[in-house]
Each structure stands twice: as C-alpha cells, then as structure tokens.
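Please read the structure below before turning to the comments.
The values are calculated or read from the model by the stated rules, or taken from the named source; none is laboratory data. Note that the structure is predicted; figures quoted are calculated from it, not measured. Glycine gets a Cβ as well: all are built from the backbone with ideal geometry, and neighbour counts include every protein chain shown. Remember, those area values only see protein heavy atoms, side chains included, never the ligands or the DNA or RNA. Shrake-Rupley method; radii C 1.70, N 1.55, O 1.52, S 1.80 Å.
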Amino acid sequence: MDYLFYLVPAAAVIALFFAWFFFHQMMKESEGSVTMREIAQYVREGAMAYLKQQYKIVSIVFVVLAIFFAILAYGFKVQNPWVPFAFLTGGFFSALAGFIGMKTATYASARTANAVSRSLNSGLKLAFRSGAVMGLTVVGLGLLDISIWWLVLNAFVDNPDAGQKLVVITTTMLTFGMGASTQALFARVGGGIYTKAADVGADIVGKVEANIPEDDPRNPATIADNVGDNVGDVAGMGADLYESYCGSILATMALGASAFFGDTALQTKAIFAPMIIAAIGVIVSLVGIFVVRTKDGADLMSLLKSLNVGTNLSAALIGVLTFGIFFLLGFENWWQMSLSVITGLLAGVIIGKATEYYTSHSYKPTRKLAESAKTGPATVVIGGVGLGMISTAVPVVTIVVAILLSYAFATEFSFDVSSLGIGLYGISIAAVGMLSTLGITLATDAYGPIADNAGGNAQMSELEPMVRERTDVLDALGNTTAATGKGFAIGSAALTALALLASYIEEIKIALHALGKELSGIPDITQATIPDMVDYFNVTLMNPVVLAGIFIGSMMAFLFCGMTMNAVGRAAQKMVVEVRRQFKEIAGILEGRQRPDYKSCVQISTLAAQKEMLAPSILAIVVPVLTGLLLGPAGVIGLLAGGLGAGFVLAIFLANSGGAWDNAKKYVEEGHFGGKNSESHKATIVGDTVGDPFKDTSGPSLNILIKLMSMVSIVMAGLTVLLHC
C-alpha cells in the first residue's frame, strides 16, 4: 500500500509543471502598447517593493517565534524538537505560493487587456489560466511540503510503538501548518490594508468628488489601487488558501492517526487517504482548467456557466474517483467514507451557489440593492448589511448538515461515544473533499484581480471603450468568483477547525504522556479516548472556565475585525488627504496636462500596511497562548469553540455584503437606475467603499484567525500542560 503514497509527490510535480507551463504560455503574449507596458511596470515595481518590505518584517517575527519554540523544545523539553523547523518551512512555502501568484498576476494584467481587444474568449482564457498558475502552485507546493515532511519524520522519529510513532509524526506535521497560517494572516491583513486604503482613497476623491472614472490616469491613487489588487487579492489570497489546503489535509492525517489508534495498518490508511484525495484532485483540476472557454459577446451569466463547467466537472470526477481511492486503500466501510468526502464537495458547491446568488448582479438580491441607491447611500448601506446577514443562513445550515452527515457516514450512522474519533475523522475528510479541487477553484478566484487590473490598464492606456466594457464584464464575474472562493475558504475552515479541536486534545494527551501523567482508571494514557480527556478536564458548559473561553473566542472575531477595519480607515484617511493635496497643488492634473505623483500614494499604502498589520496579527498569536497559561486546556477548548462559531458566521456576512455592494455598483454602471455619474451611482460607490474592508480585509482574514488560534494552541499544548497538570 505504501506505493500509493508516491502519488502525492508525483501530483505535486505535475501541478508545478503545469503552473510553469501556463506561466510560460502567458509570457509569450504581448503586453500591448508602450503605455500599457509602462503602466504594468509601475504596478509590478510597486507590488514587488511592498512584498519585499513585508517579508522583511514577517521574517523577524518568524525568527523570534522559532527561537521561542526552540527554547520550549530544547530547554524545557515540552515540545517536539522538530517544531521550530516545521514552523519555518510552513511559513516559507506559504510566502512562496503568494509570491509566485502575484508575480504571475502583475505580468498577466496588461496581456489580458491586450487579449481582450482581440476577443472576450481570448481575455478570459488568458486571465483564467494565469489564475490557474496560482491554484496549481498552491496545491503543488502544499503537497510537496507534506510529502517531504512525511518522508523526513518517518526516517528520523524513533518510537518503538508503531502506532504512537504515527501519532507523533502527524501532530508534528501540524506545526508547519502554524507557520503557514502565521504567514497567511500577515499577508492577508497587510495586503488587505494596502489595497483597501488605496481603493477607498481613489474612490472617495476621484470618483465621488472629482467625478472622474475608475482607474483614470489622472487619479494619483490609481497605481496604488492596482498594486493593492495584487498584494492583497493575489499574494494574500495565495498564502491564505495554501494554509487552508494544508491545514485540512494535516488535521485529517492527525485525526486518522488518533481515531484508528491500536490498528497500525488502518492508521496508515487513514493518514494516506487525505493526501491521495488531494493528489487526485490535482489531476481532475487540470481537466477542468482545460475545458473553460466562452464565446465572444457573452454576458455575465454565460461567463459564469463557462467557469462552472470546469469547476463542476472537476468536482464530479473527484467525487467518483473517491470511491476507488477508499476501495484501493482497503477500508471496510469504503463507500461510507467516500460519502463523507462527497458531503464536503456538495457543501462547497452549495455554499458557492448561495454566495453567487447573493453577490452576483445577475440575481435579484444585488439588483434590489442597486435599486435602493435611488434613495441615497444610507439605504444602500442598510440594504447591504441586511443582505449580508440574511446570506449567512444557507452556508450555516449547509455546514451543519455537512457536519452531521459526514459524521454519520463515517460511523455508519452510529452516534455512540466510542465512535467519536472516527466520526470526527469523517468531518475532517469532508473538509479535504471541499478543497480537493482547489487547483481550479482558486484559479477562478485569482483570475478576478487579473481581470480587474486589466480594466485599470485599459482605462489608463485610454484604449477604445469596447476593451473596457469587456474587462468590466470579466471583472464583475471576478467579484462573484472571489466571493465564492471566500465561501469555500471559510466553509472548509469551519470543518477543519473541528478537526483541529480534536487534534488539540490529542496533543494534550501526548504532553501528559511525556510528563508521566495518568488518568484515573487508565494506566496507559496513550489508550485514552477523546471522551476520557474531556471528562478529565471537565469540558462542559457548566464549567465557568470553558464559558470564559467561549466568550473570549467570540470576542476575538469582533475585536480582530474592528482592528483591521480601523486600520483601513486610518490608512484611507491619509490617502484621501494626499489625493486632495495633489489635485489642489499640482496644476494641470485634472486637465491631463500633468502626471500625478503616483509614488507618494504607493508609499502611503506601503507604510500604513506594514505598520497596521502587526497588532491584529500578533494578537491572534498572543491570545491563545495567554488563554492556555491562565485558563488551561478547558479554557483553550472554549476559546477555539467560541472563535469558530462567531468567526464563521461573521466572515460569511462580511464577504457577501462586500461582494453585493461591489456588484450593485457595477450593475448601475452598466446603465441601470441612471448609470455612471448619476446620484444612484454615487450612492453605490459609498456602499462599495464601506464594503471594501468587509470583503477584502477583515472577512477573508477571519478564516485564518480561526485556524491560527487552533494551531497556536496545539503548538503550545506542552507548556499549557506543564503549568496546569
């Protein structure tokens, strides 16, 4: 059976090869005119300069944390000695995934604008396959990192008990997930602050006050806005989805090792299953990528159908092949386990469809929101908030049903306490199913910023109106696919976080074993079940420590969002002041006789993002540590449960409100309710401005926050046990 493992590194190599192939094909395309190339170069330089500065700051944080983990491991002996190294590699690969995706996007935008001038299909194909570079890079690097660590730890971890060795290996591998989550949070928060400070500043002064079009070259903030699309929506998103993808696989591997403890052969099968499902997912994603195409003159619904053909085909293929995977692995309940995976797949599709319904202007909710603009910005804001709140119902109910069904399928509909570990494994494998086709679902997400930048390049290069009209259609589609991608990410985070909660209990058990502790009536603590551990720590709602943790976790979701939104607000204020100053002091900007000072706006966003990203990101690391030190394991379990419940619902609300506001603005711009430069248009711009930090800063960062708090708790479990047991 071990030979099946080698499908994983093989799939990683295939994914990375096709990422290189699509990048190479994209680079063969022309960037267009001299002006188009010049603008693209401005954006590239700004994006790379920002990322270089961000990596410097994040590297310092990583070095400090790695030293801290090394002290815990080698000084206090309360941590696995591999943890500092695993932590660093997770952060490195997460950063690399974001860097490659962003580099591709900055080269693809002008080429997409040039391709659109030929045909809509040419532009869609180029932008989508450039987005596929990001998707394939994320899954390729993720599977490569997992494969390397599996081989290394198998060779060097020395434990006479084969079953316990597998538990140690998988829980150790979880710590590289913390590195990935830490890097992802910095990338998402920093990139989100950068892009939305520029976007809000450009919209308020340029579109509302100066009454000039979006991405107009006369707007001093327009280059910073286009740079922000790349550092936030591409580099940040790549790092985000890398940690989501790896986190779901690693959590399932760790749960498999603990759920089937006592049967080494079955343990190994349960560990291999998520890796192999992900590996096969790479192949079916490639099939889906190659079938995406559209016809010239296609409207938004036709474009959506084109992308859905690829994503649905990939999902259907992995659903069928999952049965073969579990059968080949030799699971007795192979078809029931396969149904758990399919439950996750279907949950992802339903969440995606619900997100599409509430955020696309092809459907009634967003069109109604656009219509509310006739009575001013206040009703637009109220309508968007209400729409976002209502939109949480379908995803939440879907996840609830997915949890219950995936648990029931895995346990063959046994809800006995003795089946808890296997049931949790079923929930976790459902998260793997949801993200198994990430290669193509992330391509549909990453394509959005490329199309957005292509529109900016077309506007600034003053190409014929037909080109901008086509890029606007691609951009509107990108807003919907981006919102759908965020739905997938937060949906998988909910399922993965449950698995990580169980993994935390397993890590506590390992720490107790290392300290020589015993549970009453269980001489060998390695034989203790999750219910045994829950009883030992009195994890019940009647325990005030657990309740305290739940409240702190719930508070964290709102505190984190408040800090990131205020950070965007402060940075945007500086941008507004600078744009107004340039309009006032630099004669001839609005007449087009004088070029604005783009660099000063880029610098404002860069400095603001670097400064403002530190506090909320460090808070996400510090709070779980302090909770463990002060409240012990029971308090940490409460913290993780509270953060999951509040964070999941809040993230959906923010993403869908922001997406609906953005597409309501685009619906008006297409000529409805007065069209561009009307009072309705200005009202929707206000809504879009409010929604910017909702959908691109705070919302997408929440799913990382949920998992990072879990990862930090797992890594710090040894110290928590030392102080409280």
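Observations, loosely collected:
- Tally, over segment 208-231, of residues that are surrounded by 24 or more Cβ atoms within 10 Å (Cβ to Cβ) and either in contact with a strand residue (DSSP E or B) (Cβ under 9 Å, 6 or more places away or on another chain) or part of a helix (DSSP H, G or I) (or both): 10
- Residue list for segment 305-322, filter: surrounded by fewer than 23 Cβ atoms within 10 Å (Cβ to Cβ) and either aromatic (Phe, Trp, Tyr) or over 22 Å from residue 411 (Cβ atoms) (or both): 305, 306, 308, 309, 312, 313, 316, 317, 320, 321
- Taken over segment 595-624, the criterion of being open to solvent by 70 Å² or more (accessible area, probe 1.4 Å), among the charged types (D, E, K, R) and in a helix (DSSP H, G or I) is satisfied by 599, 611.
- Single match in 592, 632, 588 (criterion: in a helix (DSSP H, G or I), out of contact with any strand residue (DSSP E or B) (no Cβ under 7 Å at 6 or more places or on another chain) and small (Gly, Ala, Ser)): 632
- Tabulated pairs, segment 1-15, first in contact (Cβ under 8 Å) with a residue 40 or more places away in the chain, second part of a helix (DSSP H, G or I) and of a type in the set (Ser, Thr, Tyr), C-beta under 6 angstrom, 6+ apart or interchain: 8/147; 9/147
- Within segment 625-632, one or more residues are open to solvent by less than 40 Å² (accessible area, probe 1.4 Å) and in contact with a His (Cβ under 9 Å, 6 or more places away or on another chain).
- Any hit, segment 558-581, residues being part of a helix (DSSP H, G or I), closer than 30 Å to residue 707 by Cβ, open to solvent by 50 Å² or more (accessible area, probe 1.4 Å) and in contact with a helix residue (DSSP H, G or I) (Cβ under 6 Å, 6 or more places away or on another chain): yes
- Residue count, segment 347-382 (criterion: open to solvent by less than 10 Å² (accessible area, probe 1.4 Å), among the hydroxyl-bearing types (Ser, Thr, Tyr) and touching a Gly at 6+ places or on another chain (Cβ under 8 Å)): 2
- When residue 302 is tested against (1) without any contact (Cβ under 8 Å) to a residue 24 or more places away in the chain; (2) under 30 Å from residue 411 (Cβ atoms); (3) over 24 Å from the mean Cα position of the chain (by Cα), only condition (2) is not met.
- Residue, modelled with the lowest pLDDT, within segment 323-341, restricted to residues that are of a type in the set (A, V, I, L, M) and open to solvent by less than 40 Å² (accessible area, probe 1.4 Å): 329
- Filtered residues of segment 197-216 (kept if among the small types (Gly, Ala, Ser), modelled with pLDDT under 85 and closer than 24 Å to residue 607 by Cα): 201, 202, 206
- Tally of residues being open to solvent by less than 60 Å² (accessible area, probe 1.4 Å) and touching a residue at least 40 places away in the same chain (Cβ under 8 Å) across segment 582-594: 4
- Tally, over segment 38-94, of residues that are among the aliphatic types (A, V, I, L, M), within 20 Å of the chain's Cα centre (by Cα), under 17 Å from residue 614 (Cβ atoms) and modelled with pLDDT of 90 or more: 1
- Every test in (1) hydroxyl-bearing (Ser, Thr, Tyr); (2) at pLDDT 95 or above; (3) over 25 Å from the mean Cα position of the chain (by Cα) is passed by residue 529 save one, and that test is (2).
- Condition broken by residue 399, with the remaining ones in (1) under 23 Å from residue 442 (Cβ atoms); (2) in contact with a Gly (Cβ under 8 Å, 6 or more places away or on another chain); (3) open to solvent by 60 Å² or more (accessible area, probe 1.4 Å) satisfied: (3)
- Qualifying positions in segment 528-539 - of a type outside the set (Val, Ile, Thr), in a helix (DSSP H, G or I) and in contact (Cβ under 8 Å) with a residue 24 or more places away in the chain: 531, 533
- From the list 417, 385, the lone residue that is surrounded by fewer than 24 Cβ atoms within 10 Å (Cβ to Cβ), out of contact with any Gly (no Cβ under 7 Å at 6 or more places or on another chain), farther than 21 Å from residue 247 by Cβ and at pLDDT 95 or above is 385.
- Among the candidates 59, 94, 30, the residue that is open to solvent by less than 70 Å² (accessible area, probe 1.4 Å) and without any contact (Cβ under 8 Å) to a residue 60 or more places away in the chain is uniquely 59.
- All positions within segment 490-516 that are over 14 Å from residue 720 (Cα atoms) and either touching a Pro at 6+ places or on another chain (Cβ under 7 Å) or charged (D, E, K, R) (or both): 491
- Every listed requirement among (1) surrounded by 18 or more Cβ atoms within 10 Å (Cβ to Cβ); (2) assigned to a loop (DSSP other than H, G, I, E, B) is met by residue 406 save one, (2).
- A single entry from 575, 542, 563 fulfils the requirement of being over 18 Å from residue 261 (Cα atoms) and free of Cβ contacts under 8 Å to residues at least 24 places away in the same chain: 542.
- Listed by first and then second residue, the pairs with beta-carbon distance under 8 Å, at least 6 apart or on different chains, first residue in segment 390-403 and without any contact (Cβ under 8 Å) to a residue 60 or more places away in the chain, second among the aliphatic types (A, V, I, L, M) and surrounded by 18 or more Cβ atoms within 10 Å (Cβ to Cβ), are 394/350; 394/351; 394/354; 401/347.
- Condition check for residue 43: surrounded by 22 or more Cβ atoms within 10 Å (Cβ to Cβ) and of a type in the set (A, V, I, L, M): yes
- Search result, residues across segment 664-684 that are open to solvent by less than 20 Å² (accessible area, probe 1.4 Å) and modelled with pLDDT under 90: 666, 675
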